[in-house]
Amino acid sequence: LSNCSIGEEGCAVLVTALWSNPLHLREFDLSWTKPQDSGVKLLSNLLENPQCKLEKL
């Protein structure tokens, strides 16, 4: 999703989708996006989930 200006709302939708199936995604490119502070907090919470297998964000 690089350079897509996902924004705060899009980040919330993305995190919701990843919470429902956190086991497969290992790397996710969000460069040049604008998740805002609340989006970053949502992503941080996702990374704290022990089932989340993301290694590179």
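The values are calculated or read from the model by the stated rules, or taken from the named source; none is laboratory data. Just so it is clear, the model here is predicted, and its values are computed rather than measured. Positions of Cβ are backbone-derived with ideal geometry, glycine not excepted, and every protein chain shown enters the neighbour counts.
Quick notes on this one:
- Of everything listed in (1) modelled with pLDDT of 80 or more; (2) in a loop (DSSP other than H, G, I, E, B); (3) of a type in the set (A, V, I, L, M), the single unmet condition for Leu25 is (1).
- Residue match in the range 3-12 (condition: surrounded by fewer than 12 Cβ atoms within 10 Å (Cβ to Cβ), at negative phi and either of a type in the set (S, T, N, Q) or outside any loop (DSSP other than H, G, I, E, B) (or both)): no
- Residue list for the range 13-22, restricted to those being free of Cβ contacts under 8 Å to residues at least 12 places away in the same chain and either under 10 Å from the mean Cα position of the chain (by Cα) or assigned to a helix (DSSP H, G or I) (or both): Val13, Thr16, Ala17, Ser20
- A residue that is touching a residue at least 24 places away in the same chain (Cβ under 8 Å), of a type in the set (S, T, N, Q) and part of a helix (DSSP H, G or I) occurs somewhere in the range 42-54.
- Among the residues of the range 28-39, those identified as part of a helix (DSSP H, G or I) and either on the phi > 0 side of the Ramachandran plot or surrounded by 13 or more Cβ atoms within 10 Å (Cβ to Cβ) (or both) are Gln36, Gly39.
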